[in-house]
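One structure below.
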Amino acid sequence: MGLPKRDLELHTYADYQTWPDDCRHELIDGIAYAMAPAPSRRHQITVGEIFRQIANTLDGTPCRPYISPFDVRLTQADQTDNRIDTVVQPDISVICDRNRVDDKGGKGAPDWIIEVLSPATASHDQIIKRALYERVGVREYWLVHPTDRIVTIYRLIDGAYGKPDIRELDGETACGVLPEVVIGWEKVLRDDD
């Protein structure tokens, strides 16, 4: 089952900015999807450790990782904010072009997006967001399945995601678009309890 829709209306980023902070949404092609409740502790640990490894590696480079909640406005051409109809909050976004960020968040396709799947978001992330990220040109998209202990990697080749690369969360995995970033899964999956 996918995430619930806010309503049957089409919305823009201008509408989105007026909604109360206590009820988070993502906009995809004008449709507002209610975001899942606060993620589990395990989800937060997983996202946090992946983010830490990326941030440590990219320190001092033009590329920056951002962690949710961080609005990424996916625009068409030179759309103004009041015409943008797609705003997402990926778990982790990596943006290497400083012209694609401003004080409101990201503007345009990030170079790399990582979503850590949970039962409430899995179908949304794997179907709706995968198609969206392919369409807008996200160069690499990772879906981390902590329960199944796999990562599904989509890489943009000639404008499309081909067959995904599916790997166990074992050892290390390098990012294709930023090969200097290598995620060590042992640190991600360890339980500090």
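Taking the stretch 81-148, which trypsin sites (Lys or Arg not before Pro) meet the DSSP loop condition and have no more than 16 other C-beta atoms within 10 Å? Of the trypsin sites (Lys or Arg not before Pro), the ones in loops of the stretch 81-148 whose Cβ has at most 16 other Cβ atoms within 10 Å are K104. Computed extension gain for D158 through W19, at 0.36 nm per residue and net of the alpha carbon distance, reaches 46.3 nm. The chain: longest stretch without exposed GluC sites (Glu not before Pro) (DSSP loop, at most 11 other Cβ within 10 Å), sites themselves excluded? Excluding the exposed sites themselves, the longest stretch runs over 10-179. Give the separation of the Cα centroids, the stretch 39-77 to the stretch 161-193, in Å. Their Cα centres are 14 Å away from one another. With a ≥ b ≥ c the root eigenvalues of the C-alpha gyration tensor of the stretch 1-59, is it rounded (a/c under 1.5), prolate (a/b larger than b/c) or oblate? Prolate, because a/c is 1.5 or more and a/b exceeds b/c.
How much of the DSSP bridge set in the stretch 56-193 is antiparallel, in percent, rounded to the nearest 5? Counting only bridges with both partners in the stretch 56-193, antiparallel ones make up about 80 percent.
Shape class for the stretch 68-159, computed from the alpha carbon gyration tensor (a ≥ b ≥ c): prolate, with a/c not under 1.5 and a/b above b/c.
A convex hull fitted around the alpha carbon atoms of the chain yields 126 Å³ per residue. Relative contact order of the chain, taken over Cα pairs closer than 8 Å and 6 or more residues apart, is 18 percent. The magnitude of the dipole of the chain, with charges of +1 and -1 set on the Cβ of Lys/Arg and Asp/Glu and taken from the Cα centre, is near 180 debye.
For the residue pairs K129/K187; K107/K129; K104/K129; K5/K187, the C-alpha atoms sit more than 25 angstrom apart in K129/K187; K5/K187. Computing FRET efficiency as 1/(1 + (r/R0)^6) for S40 and K187, where r is the C-beta to C-beta distance and R0 is 22 Å, gives about 0.75.
Calculate the translational D of the stretch 23-114 in whole µm² s⁻¹ from Stokes-Einstein, where the hydrodynamic radius comes from the Kirkwood formula applied to all Cα pairs, the temperature is 25 °C and the viscosity 0.890 mPa s. In µm²/s, the coefficient rounds to 175. With a Förster radius of 25 Å applied to the C-beta separation of L10 and I127, the computed FRET efficiency comes to 0.80. Between the Cα long axis of helix 41-58 and the first principal axis of the chain there is an angle of about 80°, rounded to the nearest 10.
Quick note: the coordinates plus some simple rules give every number you see, no bench work behind them. The structure displayed is predicted, hence computed values, not measured ones. Cβ: placed from backbone, ideal geometry, glycine included. Neighbour counts: every protein chain shown.
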